[in-house]
Structure formats: C-alpha cells, structure tokens
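Right, one structure below, let's go through it.
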C-alpha cells in the first residue's frame, strides 16, 4: 500500500493551523504529519540513531519544509535527507516566509525540488497550497518505491 501522507516541518503553530485549513479548503485528504523542528523531522526519517526511523513504505509523498527551524534548521534537514539513501528522492518543497536570495540558492543547491514563499493573506496561502496539491499530489510521478537506484 502506497503512503500518501504529507510531512509538514514547521515550528510556528499559526502556520501549522493555516496549512491545515488550506489543505482542508483544497480538499486534500492526505494525512498530515507535523514535525515542530529539524530534530523531529530527522528523527521521523532516520530515527534517533540515524539509521532507523520510518520505513520506505512510510515515507511521505511530499515534505513541506520551513527553513527557520529551532534545533536544526531546514537547510541542514534537507542536506541530511539528500545524503541518506532512503530519503534522497523524497520530494521536498521549501515552504518558507524567507525571500532571501541566499536561501533560495542554498535550498536548490541542497536538493530542494521547489521553493515557495508563504503568502501572508489566507486566500493567497490557500491558493499556494492548492497549486502544491495539483502538482505534487496529482500531476507529479514519484520515484517507484521511493528510492532512486543508480
């Protein structure tokens, strides 16, 4: 059975609620997993020992990753995901309020699939989520079994 969950890595409770509301408004029925910081995200994927964590079957269909996170920032989460065989092909959308050119460049250099700036107004936020849904949950063809073989 294919997993269809979304992992949201977001430390701001208000943005978590906005994302949940926008997903509901866009009729996204995928389950939502929330990690409140970079450590929780990495533990989800790799476990506390760096070698366990979720199974390949439990990998999310897409990760919405904020950059400004406590404990371990989003870029480091992305770097570690791309360095791990199990998680290197998981689609990652950097979904952040940052508009700094350096963050955009670093995100793509570390392997982000997309960079989306979070809109401030709810209607625009909901539209951004709707577009993410259309592409990442409907149009995008994921890597079979979640792992890209060389």
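So the values come out like this:
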item	result
By average C-beta atoms within 10 angstrom, highest first, the peptides 43-50, 89-96	89-96, 43-50
Three-way shape label, region 36-76, alpha-carbon gyration tensor, a/c 1.5	oblate
Cα pair distances in the chain, grouped into 10 Å bins until the bin that holds the longest one, percent each	11, 45, 37, 7, 0
Shape of region 82-130, Cα gyration tensor, a/c cut at 1.5	oblate
Cα-based shape type of region 63-148, given that a ≥ b ≥ c are square roots of the gyration tensor eigenvalues and the cut on a/c is 1.5	oblate
Helical contribution to [θ] at 222 nm, DSSP H n ≥ 4, -39,500 (n - 2.57), averaged over the chain, rounded to 500	-10500 deg cm²/dmol
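Read the figures in this text as sums done on the coordinates, not as results from a lab. Fair warning: this is a prediction, and the values are worked out from it, not measured in the lab. Backbone-built Cβ (ideal geometry, glycine too); neighbour counts: all protein chains shown.
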